[in-house]
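Report on the structure given below.
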Amino acid sequence: MTETESGVLTQDGVERACVSAGDYFNKVTGERLERECREKLALGCTELVVDFSDTEMVNSVGVSILLGVIDSAKGTGARVVLSGVNAPTIELFEMLGVTKHAEIT
C-alpha cells in the first residue's frame, strides 16, 4: 500500500481516498465533503470512503449533497463506501435509498 501526497492510498490497484463527514452532516460540511471528493476524483481516485464515525446527525441537505457525490463518483467509474455509520443514520440512508447506490461498511 502506498500513499500519495494528495492523500490517495493505492492498494491492489485501487486508488482509495478517505474523507470525513464531520460531526453534523449538513449544507456546510456537505459542501466541504463534495469539494474534497471532487478533488480526489479528479486525481484518479477509484474508491471514495466517506467516514461517518464522528457524525451524530445528518440533515436532508447533507443527504442530497451525498447523493450528488455518489452520482459524480459513478460518472467517473468510482465507487463510494460509507464507513462508520451509526444505526439511526443507516436507517435514514435505507429509507431514502442511499444504500442502493453506496456500500455501507
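Look through G84, G75, G97, G62 and report the one residue that is in contact with a helix residue (DSSP H, G or I) (Cβ under 7 Å, 6 or more places away or on another chain) and either small (G, A, S) or at pLDDT below 95 (or both).
On the way: G84 fails: in contact with a helix residue (DSSP H, G or I) (Cβ under 7 Å, 6 or more places away or on another chain); G75 fails: in contact with a helix residue (DSSP H, G or I) (Cβ under 7 Å, 6 or more places away or on another chain); G97 fails: in contact with a helix residue (DSSP H, G or I) (Cβ under 7 Å, 6 or more places away or on another chain).
That would be G62, the only listed residue that is in contact with a helix residue (DSSP H, G or I) (Cβ under 7 Å, 6 or more places away or on another chain) and either small (G, A, S) or at pLDDT below 95 (or both).
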Restricting attention to the stretch 75-98, the residues that are assigned to a helix (DSSP H, G or I) and more than 12 Å from the chain's Cα centre (by Cα) number exactly 12
Can you tell me how many residues within the stretch 48-68 are in contact with an Asp or Glu (Cβ under 7 Å, 6 or more places away or on another chain) and either part of a helix (DSSP H, G or I) or over 9 Å from F25 (Cα atoms) (or both)?
3
So, first residue within 21 Å of D54 (Cβ to Cβ) in the stretch 89-105, second residue of a type in the set (S, T, N, Q) and surrounded by 12 or more Cβ atoms within 10 Å (Cβ to Cβ), Cβ within less than 7 Å, six or more apart or across chains; the pairs are T89/T55; F93/T99; T105/S83
Pairs only if they're at least six apart or on different chains, beta carbon under 6 angstrom, first in the stretch 67-78 and buried (at least 16 other Cβ atoms within 10 Å of the Cβ), second of a type in the set (S, T, Y); list them, first residue then second.
A78/T46
Residue count, the stretch 19-44 (criterion: in contact with an Asp or Glu (Cβ under 9 Å, 6 or more places away or on another chain), assigned to a loop (DSSP other than H, G, I, E, B) and at pLDDT 95 or above)
3
Does T105 count as closer than 14 Å to C18 by Cβ and either β-branched (V, I, T) or modelled with pLDDT under 95 (or both)?
yes
Candidate set from the stretch 79-93 (those that are polar (S, T, N, Q) and surrounded by fewer than 20 Cβ atoms within 10 Å (Cβ to Cβ)); member that is farthest from C37 (Cα to Cα):
N86
Selected residue (criterion: surrounded by the most Cβ atoms within 10 Å (Cβ to Cβ)) from residues of the stretch 51-66 that are of a type in the set (A, V, I, L, M, F, W, C) and free of Cβ contacts under 8 Å to residues at least 40 places away in the same chain
V58
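The values are calculated or read from the model by the stated rules, or taken from the named source; none is laboratory data. Note that the structure is predicted; figures quoted are calculated from it, not measured. Backbone-built Cβ (ideal geometry, glycine too); neighbour counts: all protein chains shown.
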